[in-house]
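Worksheet for the structure shown next.
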Amino acid sequence: MASIVAGVATSHVPAIGVAIDQGKTGEPYWQPLFRGYEKSQAWMAALKPDVAIVVYNDHANAFSLEVIPTFALGCASEYAPADEGWGRRPVPPVVGHPELAWHLAQALILDEFDISIVNRMEVDHGLTVPLSLLFGTPAAWPCPVIPLCVNVVQYPPPTGRRCFKLGRAIRKAVASFDRDLRVVVFGTGGMSHQLQGERAGLINAEFDRRFLDAIVADPQAATAIPHVEYLREAGSEGIELVMWLIMRGALDERVREVHRHYHVPASNTAVGHLILENFPATNQERTP
Ligand code: DHB
Ligand code: FE
């Protein structure tokens, strides 16, 4: 049977992608940020997952304001990179896993999560920057990816509690897939940042550190954070953090924190990163 072996949380700041693409990762501004991902890339290379489910948000590249799905699951066999701002990143196309994706669509919808099924979609920095941070710069991404796109751009986004429950349902759905696949789940976006308005540039390291602690050890406390608290404490784009709760819901109740990194600033954003593993006792498929 398939199983979820680990979870990764990371910010997806577009300027990080540009720094990678333009060979600037060793520059003094960027070096401390990328140093925090060196262990992560070694860990991921050793883990060798069969599939990555990447929970991310689109920034009006795949979906305009004409159609705003709350949860959109990619069931395609391939996704082309696209982006606003600095433009399309020179990264490989993202290969999908239609078989597992369609299984997830069926299992989740029959489990009363009314997700949208997407058969054609482009993916922006929200998805490709986390891939670059964890997989580096390969000629082809090392495993298929199932994109799960969450609306955190247009009010109302889903609640943290709903996201956590969706994670739980994803865990159950993966476990009912009849093939031995080791799956890693990414929760992306955040941490505190606000890109416009009077409070543009807001960063709240105290809130971010409390959130990192809660995601690891007390996710129920994190699910109780209302939208207005994200907005007040983590800025308008801090709401992206609800996507981390989908990843966390997909893991066991107790997890092992393998790695943590927090860095301020990257562009206008606080960058946070966690690697969490399920305990081997409750997951026999985990690699040593
Ligand atoms: C920026 C954009 C984002 O989508 C994000 O999540 C963080 C930062 C930016 O433009 O700096
Ligand atoms: Fe974003």
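The values are calculated or read from the model by the stated rules, or taken from the named source; none is laboratory data. These numbers were taken from a predicted model, which means no experiment stands behind them. Cβ coordinates were reconstructed from backbone atoms using ideal geometry, including for glycine residues, and neighbour counts include every protein chain displayed.
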message = Looking only at region 180-215, how many residues end up being touching a residue at least 40 places away in the same chain (Cβ under 8 Å) and touching a helix residue (DSSP H, G or I) at 6+ places or on another chain (Cβ under 8 Å)?
response = 20
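Picking from Pro147, Pro158, which residue would you name as being buried (at least 24 other Cβ atoms within 10 Å of the Cβ) and under 15 Å from Ala72 (Cα atoms)? Steps first, please.
Working: Pro158 fails: buried (at least 24 other Cβ atoms within 10 Å of the Cβ).
That would be Pro147, the only listed residue that is buried (at least 24 other Cβ atoms within 10 Å of the Cβ) and under 15 Å from Ala72 (Cα atoms).
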query = Looking at (1) buried (at least 22 other Cβ atoms within 10 Å of the Cβ); (2) over 18 Å from the mean Cα position of the chain (by Cα), which is the only condition Leu73 fails?
reply = (2)
So Tyr29, is it crowded, with 16+ Cβ neighbours inside 10 Å and either aromatic (Phe, Trp, Tyr) or at pLDDT below 95 (or both) = no
key: Which listed residue, of Leu202, Leu181, is of a type outside the set (Gly, Ala, Ser) and in contact with a Gly (Cβ under 7 Å, 6 or more places away or on another chain)   = Leu202
request  = Give region 213-258 a look and list any residue that's more than 16 Å from ligand 2 (Cβ to nearest atom) and small (Gly, Ala, Ser), or say none.
outcome  = Ala214, Ala217, Ala221, Ala222, Ala224, Gly249, Ala250
query = Is it the case that Tyr155 is of a type in the set (Ser, Thr, Tyr) and in contact with a strand residue (DSSP E or B) (Cβ under 8 Å, 6 or more places away or on another chain)?
reply = no
inquiry  = Among the numbered criteria (1) free of Cβ contacts under 8 Å to residues at least 60 places away in the same chain; (2) within 16 Å of ligand 1 (Cβ to nearest atom); (3) not charged (D, E, K, R), which one does Pro98 miss?
reply    = (2)
